[in-house]
1. Return the residues of the stretch 94-111 that are within 22 Å of Lys150 (Cβ to Cβ) and either hydroxyl-bearing (Ser, Thr, Tyr) or out of contact with any Gly (no Cβ under 6 Å at 6 or more places or on another chain) (or both); say none if nothing qualifies.
2. Could you look through the stretch 209-228, keep only residues that are without any contact (Cβ under 8 Å) to a residue 12 or more places away in the chain and more than 16 Å from the ligand (Cβ to nearest atom), and pick out the one that is nearest to Ala166 (Cα to Cα)?
3. So, restricting to strands (runs of 3 or more DSSP E) that lie completely within the stretch 23-99, which ones have at least 1 residues that are hydrophobic (A, V, I, L, M, F, W, C) and more than 16 Å from the ligand (Cβ to nearest atom)?
4. Of everything in the stretch 111-127, what is without any contact (Cβ under 8 Å) to a residue 40 or more places away in the chain and in contact with a Leu (Cβ under 9 Å, 6 or more places away or on another chain)? Give them in sequence order.
5. Would you check which residues across the stretch 107-159 are of a type in the set (Val, Ile, Thr) and either away from the ligand (no atom under 16 Å from the Cβ) or in a helix (DSSP H, G or I) (or both) and list them?
6. Please verify whether Leu227 is under 23 Å from Ala148 (Cα atoms) and either of a type outside the set (Phe, Trp, Tyr) or surrounded by fewer than 13 Cβ atoms within 10 Å (Cβ to Cβ) (or both), treating the condition exactly as stated.
7. What pairs come out if I take residues in the stretch 69-92 that are at pLDDT 95 or above and pair them with residues that are acidic (Asp, Glu) whose C-beta lies under 8 Å away, six or more apart or interchain?
8. If only one of Glu200, Glu236 is crowded, with 18+ Cβ neighbours inside 10 Å and either touching a Phe, Trp or Tyr at 6+ places or on another chain (Cβ under 8 Å) or touching a residue at least 60 places away in the same chain (Cβ under 8 Å) (or both), which one is it?
Amino acid sequence: MFYDAHAHLDLLNTKELKKTLSDAQAKKVSKIVSCSTSFASNKKNLALAKKYPSVLAGIGLYPLDIVELNEKELDKAFSFFEKHISKASAIGEIGMDFKRCTKKEEQEKQEYWFLEFLSLANKYNKTVIIHSRFAQRQVLELLEKENAKKVLLHSFVDSLKLMKKAASLGYFASVGPVILQNEQIQKNIASFPLENLLFETDSPIKFNNESIFSDKIAEIASKTAELQNNSLDQVEKIQEKNFKSLFG
Ligand SMILES: [Zn+2]
């Protein structure tokens, strides 16, 4: 079986969702982690996980959503997370995004709440799913400092140096459809340990102007096997072990 470790199923309508789940099943993608972004997306993802056995919910707030919320709203969100954490399989998508937030006070606010999420994850022994656009080094430093245990770095595939550092800390990185065409990323994945790799689609994101859904994992897995000079069976076996170590 294969797994989509990072998607946003809350963004699909019911018809699209049903098609996504059945197409995924047909391509041996047995579980999909649906990550939350806005506060409202948390309620949707928890409801999806309750309804569909193949959906696992990540609860959290996207760093760009964090900067839009005031302290009162953020406190309220955290009480909600603490209350519902037993129904979530992970905390995500959380992290820092310094591409879109360049002001010091925005970055400090993101960092403060990122640390709050990390302590929530430590308290309940949950996996964190991390967004780190233009903040990859900073995110790794904070994870290490906070002694984060179960870590999945979303789309963390641009710098082999930082990828290897993440692997040395026992963290996982996930790669998406970009592996199908970006030569630098293909090189990075070729020399990254399979034992620290997971697959993701970030669906329904568009890739080459085409909407990507979780069944795309099958192609990502085949490409990984080719790059790693390994059999698809072996890639599948290691994926399964990796996914279970993070999401049970
Ligand atoms: Zn995402």
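1. To start, the set of residues in the stretch 94-111 that are within 22 Å of Lys150 (Cβ to Cβ) comprises 94-97, 110-111.
Gly95, Met96, Asp97, Gln110, Glu111 - these are the residues of the stretch 94-111 that are within 22 Å of Lys150 (Cβ to Cβ) and either hydroxyl-bearing (Ser, Thr, Tyr) or out of contact with any Gly (no Cβ under 6 Å at 6 or more places or on another chain) (or both).
2. The first filter runs over the stretch 209-228 and keeps only residues without any contact (Cβ under 8 Å) to a residue 12 or more places away in the chain, leaving 209-211, 222, 225-226.
Adding the requirement that they be more than 16 Å from the ligand (Cβ to nearest atom) leaves 209-210, 222, 225-226.
Details: Asn209: 31, Glu210: 31, Ser222: 24, Ala225: 21, Glu226: 23 Å.
Step by step, filter the stretch 209-228, then rank; the result is Ala225.
3. On the way: elements: 29-34, 55-59, 90-95.
By residue number, 29-34.
4. Those that are without any contact (Cβ under 8 Å) to a residue 40 or more places away in the chain and in contact with a Leu (Cβ under 9 Å, 6 or more places away or on another chain): Glu111, Leu115, Glu116, Leu118.
5. Of the stretch 107-159, the ones of a type in the set (Val, Ile, Thr) are 127-130, 139, 151, 157.
If the condition is that a residue be of a type in the set (Val, Ile, Thr) and either away from the ligand (no atom under 16 Å from the Cβ) or in a helix (DSSP H, G or I) (or both), then Val139 is the only one that fits.
6. Details: under 23 Å from Ala148 (Cα atoms): no; either of a type outside the set (Phe, Trp, Tyr) or surrounded by fewer than 13 Cβ atoms within 10 Å (Cβ to Cβ) (or both): yes.
No; evaluated as a whole, the condition is false for this residue.
7. Final answer for the pair search is Phe78/Glu116.
8. Numbers: Glu236 fails: crowded, with 18+ Cβ neighbours inside 10 Å.
Every option except Glu200 fails the conditions.
The values are calculated or read from the model by the stated rules, or taken from the named source; none is laboratory data. Computed from a predicted model, the values in this text were never measured in an experiment. Quick reminder, even Gly has a Cβ in these numbers, built from the backbone with ideal geometry, and neighbours come from all protein chains shown.
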